[in-house]
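K.L.:
Let me begin by handing over the structure; questions about it come next.
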Amino acid sequence: MAFEYLTNSPLEKAKAEYLERLRELGMYPKSERISSAAACGRVTAEPVYANICSPHYHACAMDGIAIDARLTFGAGETTPVTLTAQQYITVDTGDPLPEGCDAVIMIEDVIKNDDGSVTLYAAAAPWQHVRQIGEDICAGEMLLPAGVEVSPAAIGAMIAGGCLEVNVIKKPVVAIIPTGDEIVPPTDSPAPGDILEFNSSIFSAMAEKWGGCAKVYPIVPDKPELLRETLRDAIDSCDVVLLNAGSSAGRDDYSVSIIRELGNVLCHGVAIKPGKPAILGYSGAKPILGVPGYPVSGIIVIEEFLKPILEILCGKASAMDEYAAAVLSRPVVSGLKYREFVRVRMGCVGGRLIASPLNRGAGVVSSFMKADGILEIPQGCEGIEAGQEVNVRLLRPRAELEASLVVIGSHDPLLDELGNMLHQRCPELYMSSSHVGSMGGIMAIKRGEAHAAGCHLLNEADGSYNTAYIKRYFPNGGVRLVECVGRTQGIMVQKDNPLGISCIEDLLKGNVRYVNRQKGSGTRVLLDYLCKVKGIDADKLYGYEREELTHTAVAAQIAADSADAGLGIYSAAKMYDLDFIPVCIEQYDLLIPDHAWDTPMVQKLIETMKSEQFRQRLEDMGGYTVDRPGEVREKF
């Protein structure tokens, strides 16, 4: 049967219609009675009224003596009053106020005499230092209204008011059903073709963060009868059902037909990217969400549809997302048919928030881990130009973004190590690094979009690094080139070098699969230079147009046997246990603009670069020579 999506419904329209339908069918919060002591973070299902007063007796509020205040009237510095041992009672804080007494005098204000009497130099006011019945809480008064989150202090108030149990909104149970023949439980040694099932862990954490309780089912193979049986059980025993994968157009994608069998489908296909194949279904008042298998697609669908459902079922008001204006560092192209969600890294440079797009693949879950914000491109928009101001939904507090050191430019694992050390030394500081190549970093500095840029650009005329490019792009100066490391570049090949590659010329062998770095990267410039020196037409390399953004990504392709060779740094080869043919030692520097130089963030970075800890870590990683890291090589 030919497959077609039922709809391409705009996001807000689909969401509004879905939630309205579920409400009409009777989707509402349920309640349960639990111990007040265990109610922190839960939402009250009804008003809470005090059963007793607090305090429920007249309580002494100080250590001292309890008295009848009238006995002290007239006492002063020149007219002290003496009370006999029978006219006062010694008390401690919290003691019941003795019969016949209506005041407490602090022990510090009492002069004891040898015969047991006491002398007072100040009169006591009636009920001073006494906590009267109901001072804090009166029996019958409302302690908490319905629909509010129970705080730690509220727990104390309820117990003080004699409310040992409370009716709260029951946590909705969210069924998560992972499906697919190729899906396997998490393992550190998957076989080729195995896909680790980690979506359920992500979705469980999201559901629990929003107040739900996750119930993860065992992986269901792509067999309609098994999927039907599992879905039926989930509908019967849970409040919300997530059916993960099987929502697209593959030969084993049964989700939409089985949801229809057991319930209804409002729409199949929402105009968002990623997340297009989402299924909005229901059985009675129970939502059934068909969630795409790609993790980023799934996360977007979960955020857009599960979150508002749980807000209703948990009795919570919709959380207001925080947005901020930012400058886009690179252009973003988008299709007209969808509302697109682009993950971005962010930081504050020169008083402006800068947003740098991350990898946009629907399966690239690490981009969500690294993302500081989400740029939403409206349906019908072809894209956004670099330098344009955009509105970004923040995933981290703005204060953290303003304390983030923005590094844009050439990739090297040492940047991650530096960022980690910087945060360890100064927990209030963060590093946000984006890998766009050396030229991309230089242009980011030129546009005022970064605090620092990694670069290692070879000048073919004299073999020097970086200086010629800085002079060309910053004719009026205003930047400093800070020494970082010398690093060994070479040809990374598979373990034991099965193809016998020993030099650049060997890359032309007919059976060598090459994997390259992106245009504008220093490593790409170096390869082109080496090919030119050897008289090699670089375009003849098989895989020359195949690009990766980092040294580690190149190494990973070689280790996975999808490529035989690639130019990169020794530390990446060591990380993946590859063989390595050294080609040269290049200078990797950080370019820092003068306007950022004196900022605490940059100075802490320089301090970290000069540390023994950094030197030791570079030695452990291998392939680096360290002379004067953190020192200014040249000021322009």
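The values are calculated or read from the model by the stated rules, or taken from the named source; none is laboratory data. Remember, predicted model here, so these are calculated numbers, not experimental data. Cβ placement follows ideal geometry from the backbone for every residue including glycine, while neighbour counts extend to all protein chains displayed. Quick note on the areas: whole protein, heavy atoms, side chains included, nothing else; ligands and nucleic acids left out. Shrake-Rupley method; radii C 1.70, N 1.55, O 1.52, S 1.80 Å.
K.L.:
Can you give me the long-range amide H partners of Ala175? Hydrogens built in the peptide plane at 1.01 Å from N, cutoff under 5 Å, separation of 5 or more residues or another chain.
P.N.:
HN-HN under 5 Å from Ala175: Lys215, Asp239, Val240, Val241, Leu242.
K.L.:
Follow-up. Classify the range 194-277 from the C-alpha gyration tensor, please: rounded if a/c falls under 1.5, else prolate or oblate depending on whether a/b exceeds b/c.
P.N.:
Because its axes are fairly even, with a/c under 1.5, the range 194-277 counts as rounded.
K.L.:
I've got another one for you. In terms of the Cα gyration tensor, with a ≥ b ≥ c the square roots of its eigenvalues, is the range 381-442 rounded because a/c is under 1.5, prolate because a/b exceeds b/c, or oblate?
P.N.:
Oblate is the answer for the range 381-442, as a/c is 1.5 or above yet b/c matches or exceeds a/b.
K.L.:
Hey, another quick one. Over the Cα atoms of the range 302-452, what radius of gyration and what Dmax do you get, in Å?
P.N.:
16.3, 51
K.L.:
Whole number please: convex hull volume per residue of the Cα set in the range 545-636, in Å³?
P.N.:
Dividing the Cα hull volume of the range 545-636 by its residue count gives 141 Å³.
K.L.:
Okay, next question. What are the ³J(HN,Hα) couplings of the range 503-512, residue after residue, when phi is run through the Karplus curve with 6.51, -1.76, 1.60 and θ = phi - 60°? Round to Hz, x for glycine and proline.
P.N.:
7, 4, 4, 5, 5, 7, 4, x, 9, 8
K.L.:
For the chain, evaluate the Debye formula with one uniform point scatterer on each Cα (no solvent term) and list log10 I(q)/I(0) at q = 0.07 Å⁻¹, rounded to two decimals.
P.N.:
The Debye formula, applied to the Cα set alone, gives -0.66.
K.L.:
What pairs from Lys534/Lys610; Lys370/Lys635; Lys370/Lys519; Lys370/Lys534; Lys15/Lys370 go past 29 Å between their alpha carbons?
P.N.:
As for pairs spanning more than 29 Å Cα to Cα, those are Lys534/Lys610; Lys370/Lys635; Lys370/Lys534.
K.L.:
Any idea how far the Cα center of the range 202-241 sits from the one of the range 275-337, in Å?
P.N.:
18
K.L.:
Taking amide H atoms as placed 1.01 Å from N in the peptide plane, list the residues 5 or more away in sequence, or in a different chain, whose amide H sits under 5 Å from that of Ala123.
P.N.:
Result for Ala123 returns Ala75.
K.L.:
Please tell me the relative contact order of the range 500-583 in percent, rounded to the nearest whole number, where contacts are Cα pairs under 8 Å and at least six residues apart.
P.N.:
34
K.L.:
So how far, in whole Å, is the C-alpha centre of the range 408-477 from the one of the range 515-574?
P.N.:
Taking the Cα centre of each part, the range 408-477 and the range 515-574 sit 20 Å apart.
K.L.:
Ignoring solvent entirely, what values of log10 I(q)/I(0) come out of the Debye formula for the range 319-367 at 0.27 Å⁻¹ when each Cα is a single scatterer?
P.N.:
For the range 319-367, the Cα-only Debye profile gives -1.14.
K.L.:
Sticking with this one: From zero outward in steps of 5 Å, how is the percent of C-alpha pairs of the range 17-101 spread across the bins?
P.N.:
3, 9, 12, 11, 10, 8, 7, 6, 6, 6, 6, 5, 4, 3, 3, 2, 0
K.L.:
Quick one: pull the percent of accessible area on the chain belonging to carbon and sulfur, 1.4 Å probe, ligands and nucleic acids left out.
P.N.:
Values: 14630 of 28280 Å².
Solvent-exposed carbon and sulfur of the chain make up 52 percent of the total.
K.L.:
Any chance you could give the angle, 0 to 90 degrees and rounded to 10, that helix 224-237 forms with the longest Cα principal axis of the chain?
P.N.:
Result, in degrees: 20.
K.L.:
Each residue of the range 452-462 in turn: what ³J(HN,Hα) in whole Hz from Karplus with 6.51, -1.76, 1.60 and θ = phi - 60°, glycine and Pro shown as x?
P.N.:
Residue by residue, the range 452-462 yields 7, 9, x, 8, 8, 9, 7, 8, 4, 5, 10 Hz.
K.L.:
Using only Cα atoms, what Kirkwood radius does the range 100-258 have, in angstroms?
P.N.:
Working: mean 1/r = 0.0454 Å⁻¹.
After inverting the pairwise mean of 1/r, the radius is 22.0 Å.
K.L.:
Which residues' amide hydrogens lie under 5 Å from the amide hydrogen of Tyr49, considering only partners 5 or more residues apart or on another chain, with H built in the peptide plane?
P.N.:
Excluding prolines and chain starts, which carry no amide H, the hits are Leu143.
K.L.:
Karplus couplings for the range 324-336 from phi (6.51 cos²θ - 1.76 cosθ + 1.60, θ = phi - 60°), rounded to Hz, Gly and Pro as x?
P.N.:
8, 6, 8, 9, 7, 7, 9, x, 10, 9, 9, x, 7
K.L.:
Put +1 on the Cβ of each Lys and Arg and -1 on the Cβ of each Asp and Glu in the chain; which of Tyr49, Ile202, Val91 then has its Cα farthest toward the positive end of the dipole?
P.N.:
Result: Ile202, furthest along the dipole toward the positive end.
K.L.:
Shifting gears a bit: Given charges of +1 on the Cβ of Lys and Arg and -1 on the Cβ of Asp and Glu, with all other atoms neutral, how large is the dipole of the range 186-293 about its Cα centre, in debye to the nearest 20?
P.N.:
That gives a dipole near 420 debye.
K.L.:
Further question: When you count, for each residue, the other Cβ atoms within 10 Å and take the mean per peptide, how do 232-239, 292-299 rank with the highest first? Numbers along the way, then the final one.
P.N.:
Working: 232-239: 17.4, 292-299: 24.0.
Ranked by mean Cβ neighbours within 10 Å, highest first: 292-299, 232-239.
K.L.:
How would you order 521-530, 326-335, 178-187 from highest to lowest mean count of nearby Cβ atoms within 10 Å?
P.N.:
Top of the packing list down: 521-530, 326-335, 178-187.
K.L.:
If the cut-off is 21 Å between C-alpha atoms, which lysines fall inside it for Lys170, apart from same-chain ones fewer than 8 positions away?
P.N.:
Partners found: Lys30, Lys209, Lys215, Lys286, Lys307, Lys316.
K.L.:
Next up: At 1.4 Å probe size, with every protein chain present, just tell me what the per residue accessible area of the chain comes to in Å².
P.N.:
Counting only protein heavy atoms, the per-residue value for the chain is 44 Å².
K.L.:
Just the ratio, please: alpha-carbon radius of gyration of the range 400-481 over 2.2 N^0.38 Å, N its number of residues.
P.N.:
Expressed relative to 2.2 N^0.38 Å, the Cα Rg reads 1.18.
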